[in-house]
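The values are calculated or read from the model by the stated rules, or taken from the named source; none is laboratory data. None of these values were measured; they are calculated from a predicted model. Backbone-built Cβ (ideal geometry, glycine too); neighbour counts: all protein chains shown.
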Amino acid sequence: VALGTDSRASNPDLNLWAEVQWVAAAHPHVAPQQVLEMATNHGALALGLPQAGVLRVGALACVVVLPLEGPLPEDPYEGLVQAVGPPRALL
């Protein structure tokens, strides 16, 4: 399963990060790590880009900076899903 924003049917502003947060809230039985994988490496694989959507040597570099506030949960993936806003930078 991959997440994306190909239309405004499910997300009015085509914001992938809002889609990630909606899926995490609507499906609490799905682990935050799995939700993030749906938006990153699963999406890249769906597009036929196996060298994208992952952090590893030789992969295509594209990293976002997310705003986080307050005490972070023990699970770092949960902290990312709970980011308080859209990415602020694309590196």
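Give me the residue from region 24-60 that is of a type in the set (Val, Ile, Thr) and within 10 Å of the chain's Cα centre (by Cα) and, out of that set, surrounded by the fewest Cβ atoms within 10 Å (Cβ to Cβ).
Going through region 24-60, the residues of a type in the set (Val, Ile, Thr) turn out to be 30, 35, 40, 54, 57.
Filter once more, keeping what is within 10 Å of the chain's Cα centre (by Cα): 35, 40.
Values: Val35: 25, Thr40: 20.
By that ranking, first place goes to Thr40.
Within region 47-84, restricting attention to residues that are within 21 Å of Ala2 (Cα to Cα) and of a type in the set (Gly, Ala, Ser), which residue is modelled with the highest pLDDT? By that ranking, first place goes to Gly48.
Listed here are the residues, each with its yes/no results for (1) under 17 Å from Ala18 (Cα atoms); (2) out of contact with any Leu (no Cβ under 7 Å at 6 or more places or on another chain); (3) free of Cβ contacts under 8 Å to residues at least 40 places away in the same chain.
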| position | (1), (2), (3) |
| --- | --- |
| Ala46 | no, yes, no |
| Leu49 | no, yes, yes |
| Leu60 | no, yes, yes |
| Pro67 | yes, yes, yes |
| Pro73 | no, yes, yes |
| Pro76 | no, yes, yes |
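Residues in region 1-46 that are among the hydroxyl-bearing types (Ser, Thr, Tyr) and modelled with pLDDT under 90: Thr5, Ser7, Ser10.
Within region 33-44, is even one residue of a type in the set (D, E, K, R) and under 20 Å from Glu74 (Cα atoms)?
Narrowing region 33-44 to residues of a type in the set (D, E, K, R): 37.
Retained after the next criterion (residues that are under 20 Å from Glu74 (Cα atoms)): 37.
Among the residues of region 33-44, at least one is of a type in the set (D, E, K, R) and under 20 Å from Glu74 (Cα atoms), which makes the answer yes.
So is Val1 of a type outside the set (S, T, N, Q), surrounded by fewer than 15 Cβ atoms within 10 Å (Cβ to Cβ) and in contact with a His (Cβ under 8 Å, 6 or more places away or on another chain) or not? The answer is yes for Val1.
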